[in-house]
Amino acid sequence: MFLRTHKGIALVALASLSQMACYNTYTISNQELAKLESSVEPVEVVEVNANCQPTGSASLGMDGQALAQAAAEPGVEETATDAGAQDPNCIVVPVSTVNALTVLTTDGTRERVTPFNFVMDDVQLVSPEYDLLIELDNVDGAEVREFSTWKTVATIAGVSLVAVGTFVGISLVAPDEQGFQ
């Protein structure tokens, strides 16, 4: 019975470690999503505010280019995205073309898009790469996935420990046998 319990615990530990992702996932608003569209002046990395509490809609209707220009102009009033940067719950996430970006819709579906390879206007979001056309009224933000070195190291170390522990456990539990005589 003791061995059976430890087998169960080991299997549950292995299953949970294998399900541990190597990415951090952050949720961004439509205003932050607009910073990642293809009409914005191309830069290598764009920083977006993620996991912010919803605030006013001061910049609704502005496309990514207008948001980028407004941020670059001195003396422009604060937008909702600027207010989000001051929110202590916000996390600044650097986004480049290697980040996974998933558009969240109001009906619960999730659609994949590539950063800087989609267009948003006042009516719709278009991603030719994924053959996607969504009305902006149906877009409820997006999820950005960022590679996590520490989660990856922890996953590899955990799986290695489970494997080594399994071999050690088998060698300790195995009965003594006589070799060939």
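Readers should treat all values here as calculations from the given coordinates under stated rules, not as data from a laboratory. Model, not experiment: these values are computed from the prediction. Ideal geometry is used to build each Cβ from the backbone, glycine not excepted, and the neighbour counts take in all protein chains shown.
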(message) Starting from the 7 Å offset along Cα-to-Cβ, what nm value, one decimal, do you get for the label separation of Glu135 and Glu177?
(response) 6.9
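Ranking request for peptides 105-112, 27-34, 158-165: highest mean number of other beta-carbon atoms within 10 Å first, then the rest in descending order. Please list the in-between numbers first.
Numbers: 105-112: 11.6, 27-34: 23.4, 158-165: 13.1.
My ranking of the peptides, most packed first, is 27-34, 158-165, 105-112.
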(request) Please list, in chain and number order, the residues 5+ apart from Tyr23 or on another chain whose amide H is under 5 Å from its amide H, with Hs placed from the backbone. (result) Ser148
(request) Tabulate in residue order the Karplus-calculated ³J(HN,Hα) for region 97-112, using 6.51 cos²θ - 1.76 cosθ + 1.60 with θ = phi - 60°, rounded to whole Hz; enter x for Gly and Pro. (result) 5, 7, 6, 7, 10, 10, 7, 9, 10, 5, 8, x, 7, 10, 10, 7
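Taking 0.36 nm per residue of separation and subtracting the Cα-Cα distance, what length does fully extending Glu47 through Ala154 add?
Values: separation 107, 0.36 × 107 = 38.52 nm, distance 2.64 nm.
Net length gain for the segment: 35.9 nm.
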(request) Amide H neighbours of Leu132 under 5 Å, at least 5 residues apart or on other chains, H built in the peptide plane: list them. (result) Ser127
